[in-house]
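First comes the structure, then the notes that go with it.
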Amino acid sequence: MINRYRILKKIPEKEIRQQVKKIAQNIANEYQNQEPVLIGVLNGVFIFLSDLVREISIPLKIDFVRLASYGSKNVSSGKITLTKDIELSIKGKPVIIVEDIIDTGLTLSYLVRHVKGREPESVKICTLINKLERREKEIGIDYWGFEIKEGFVVGYGLDYNEKFRYLPYILSLEIKD
Ligand code: IMP
């Protein structure tokens with residue numbers, strides 16, 4: 001199948017760097033002497049998390065989870081399973097969940113419930129992109145880089161059918177199948 005794309009918006013590398021730095025400074029200020037555990041949601045988060053942790057000037061720990069959501073095309077159905085779990089012990093620890101993008105919020109609300117089951121001291125949410133258009137679950141987001149209203153977002157780790165992850169910038173696309 002051939003897809004045609006129209007670029008609605010581009011977020012250049014410089015803007016991404018500025019926002020990543022800002023989030024990192026806020027996290028460093030709020031978690032001094034606490035050694036937070038950052039839990040990255042694979043795969044899309046791999047570039048954002050790598051850049052973020054290198055800008056955070058306090059000690060921290062890193063772990064990953066991976067979730068599968070079965071749904072139609074580009075929308076998650078809410079039927080979510082965990083395919084890679086947290087491996088560090090987070091009981092009594094401050095946790096920050098780090099996402100690439102929050103769309104409907106279904107994946108994250110599942111993950112927050114799962115993480116809270118491990119009895120961390122606190123759970124905060126950090127996302128590079130907050131996509132507001134299709135939100136179904138209200139979730140308090142503590143740190144975010146960009147708010148996007150329309151389009152499908154790719155680049156800087158984010159994919160469309162495994163394409164575009166490698167781009168150093170972010171594109172919001174209109175996809176015509
Ligand atoms: P949610 O459960 O609808 O919030 O979906 C979250 C997941 O869907 C993200 O972690 C992404 O993997 C994927 N996703 C949702 N919107 C986009 C997008 O615009 N670009 C790339 N992936 C997306």
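The values are calculated or read from the model by the stated rules, or taken from the named source; none is laboratory data. Note that the structure is a prediction, hence the values are computed from the model and not measured. Positions of Cβ are backbone-derived with ideal geometry, glycine not excepted, and every protein chain shown enters the neighbour counts. These accessible areas exclude ligands, DNA and RNA; they are computed on the full protein's heavy atoms, side chains included. Shrake-Rupley method; radii C 1.70, N 1.55, O 1.52, S 1.80 Å.
Counting only residues that are of a type in the set (D, E, K, R) and in a strand (DSSP E or B), which one in the stretch 138-170 is surrounded by the fewest Cβ atoms within 10 Å (Cβ to Cβ)?
Of the stretch 138-170, the ones of a type in the set (D, E, K, R) are 138, 142, 147, 149-150, 159, 162-163, 165.
Keeping just the survivors that are in a strand (DSSP E or B) gives 147, 163.
Working: 147: 10, 163: 12.
Across the stretch 138-170, the extreme among qualifying residues is 147.
So, in the stretch 24-38, of the ones that are of a type outside the set (Asp, Glu), more than 19 Å from the chain's Cα centre (by Cα) and closer than 15 Å to residue 93 by Cα, which residue ends up most open to solvent (accessible area, probe 1.4 Å)?
Pass one, the stretch 24-38, residues of a type outside the set (Asp, Glu): 24-29, 31-34, 36-38.
Still in the list and also more than 19 Å from the chain's Cα centre (by Cα): 29, 31-34.
After this cut, where a residue has to be closer than 15 Å to residue 93 by Cα as well, the list is 31-34.
Numbers: 31: 9, 32: 106, 33: 162, 34: 74 Å².
Checked the stretch 24-38; the qualifying residue most open to solvent (accessible area, probe 1.4 Å) is 33.
Name the single residue, out of those in the stretch 78-132 being of a type in the set (S, T, N, Q) and assigned to a strand (DSSP E or B), that is farthest from the ligand (Cβ to nearest atom).
Initial filter on the stretch 78-132 (of a type in the set (S, T, N, Q)): 81, 83, 89, 104, 107, 109, 122, 127, 130.
Checking the rest, the ones that are also assigned to a strand (DSSP E or B) come to 81, 83, 122, 127, 130.
Values: 81: 13, 83: 13, 122: 22, 127: 9, 130: 10 Å.
Among those residues, the one meeting the criterion is 122.
Quick check on my filter: what residues within the stretch 137-177 are more than 10 Å from the ligand (Cβ to nearest atom) and of a type in the set (Lys, Arg)?
The answer is 149, 163, 176.
Could you tell me whether the stretch 123-131 includes any residue that is more than 17 Å from residue 61 (Cβ to Cβ), crowded, with 20+ Cβ neighbours inside 10 Å and in contact with a Ser or Thr (Cβ under 6 Å, 6 or more places away or on another chain)?
No: zero hits.
Where residues in the stretch 39-67 are over 19 Å from residue 158 (Cα atoms) and hydrophobic (A, V, I, L, M, F, W, C), which of them is most open to solvent (accessible area, probe 1.4 Å)?
Across the stretch 39-67, the extreme among qualifying residues is 62.
Can you pull out every residue in the stretch 1-35 that is out of contact with any strand residue (DSSP E or B) (no Cβ under 6 Å at 6 or more places or on another chain), assigned to a loop (DSSP other than H, G, I, E, B) and farther than 21 Å from residue 160 by Cβ?
Matches in the stretch 1-35: 31, 32, 33, 35.
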